[in-house]
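Everything below concerns the one structure shown next.
Every number here is computed from the coordinates shown, using simple stated rules; none is lab data. All values derive from a computational prediction rather than experimental measurement. Using ideal geometry, Cβ is built from the backbone for each residue, glycine included, and neighbour counts are taken over all protein chains shown.
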Amino acid sequence: MIKYELFHKGSSALSRLGLSDRSIYRCPICENDFDQNDIDSGELTLEHIPPQSIGADFCILTCQSCNTTAGTKLDSQVAIRHKNTQFARGLLTKQGQCTAKGAFQLGPDTLNVKFVVENGRLEIHLLSQINDPAKRQSVLDQLHRLTDGGWEGQLFTVTLSPGFDTWRARIGDLRIAYLTLFAVFGYTYAFSDALDDVRAQLRRPGQRILDSYFFSVPRSSTTQRFIGIVKKPFKCIVVCFLGSAVFLPLWIDDCNFYKRAAAILNQQSRRSLSGLIQIQWPEEMQLFFDYYPQKIEEFHQLLSLKSNNS
Ligand SMILES: [Zn+2]
């Protein structure tokens, strides 16, 4: 049922904007058109934002190719990075409980293990069925010696598996941020010239069209989600979720946003954001500017005034 509601919301937005004279939904990533029959055939699919594996907040429609084929591969990298980050955070902050599988290396031996972190205490469970018995005994002997003699100064290496591809996880972040702003502002924003490079990057995740460091930077909080308007070091929208912050253009006619942002960030050693004005995180697909185009100018004026005063 929700798919039909989303279809009609998107389809009405396109006809209001004069972008289509028939009932179609345009995929916000590939820009291909789909009619209502494509919902039943599975060509047009429900996409959860962020992905369900990391806690979905709302849904939009994207096409099967952009969602199941391309999107799932990127989302999985975001999910693995999130799980690994939570594990490391649990270990360092000594709060909460989490588990992970991976490798434990002590001296020359590496074993496949399950890690359990509980309130900062690390338990290592050896997986007997997938470890070489001789290596297993060698590590156990070393552990017993350490238990008697103390861990002071002892080096060991913990590697979590599966690992993740940093670049693909960052493209996954960009995808979540872009689709979130599509849900808030609509086609008017998402299909604007300012977002050309973003759409190109999402369609070709294997290519390096944008520099990764300024569209995804690590933040301290992994739970907070918000959309903010930033004044400095450059005016932009920042979409924050799961410990990542993604910068996107603020003005729909700002075609040089990423070049300008890169030039500014290259000059600065310390990157702090200021002049944040918060926009409510969406609970549904709103397409605000498509339905209320008169609000765009008002919105920009408000932002200019607020950011000049802040
Ligand atoms: Zn598509």
Problem set entry | Hull volume in cubic angstrom per residue (convex hull over the Cα atoms of the chain) | 166 Å³
For this session: For region 86-161, take the alpha-carbon Rg, divide it by the Kirkwood Rh, and send me Rg/Rh.
Result: 0.97
Problem set entry | Fluctuation leader among P51, P162, P108 - the chain, Gaussian network, Cα springs under 10 angstrom | P108
Seminar exercise, completed: Simple spin-label estimate for L122/S53, 7 Å along Cα→Cβ, in nm, reads 2.4 nm
For this session: May I ask you to compute the full-extension gain from Y291 to T147, defined as 0.36 nm times their residue separation minus their alpha-carbon distance, rounded to one decimal in nm?
Result: 45.2 nm
Exercise. Got a sec? How would M1, M285 order by Cβ neighbour count within 10 Å, fewest to most?
Worked result: M1, M285
For this session: Scan region 1-33 for trypsin sites (Lys or Arg not before Pro) in coil per DSSP, keeping those whose Cβ has at most 15 other Cβ atoms within 10 Å, and list them by number.
Result: R22
Exercise. Using alpha carbon centroids, what distance separates region 107-124 and region 131-189, in Å?
Worked result: 12 Å
Seminar exercise, completed: Ranked by GNM mean-square fluctuation in the chain (Cα springs under 10 Å), the top entry among L61, L155, L106 is L155
For this session: Quick one: among C59, C30, C236, which has the greatest mean-square fluctuation in a GNM of the chain with alpha-carbon springs under 10 angstrom?
Result: C30
Problem set entry | Under 22 Å between alpha carbons - lysine pairs in the chain that sit 8 or more apart or on different chains | 19
Seminar exercise, completed: Per the helix-only model, the chain has a calculated mean residue ellipticity at 222 nm (DSSP H runs of ≥4, -39500 (n - 2.57) each, divided over all residues, rounded to the nearest 500) of -12000 deg cm²/dmol
Exercise. Between N32 and D165, what is the spin-label point distance in nm, taking each point 7 Å from the Cα along the Cα→C-beta axis?
Worked result: 2.1 nm
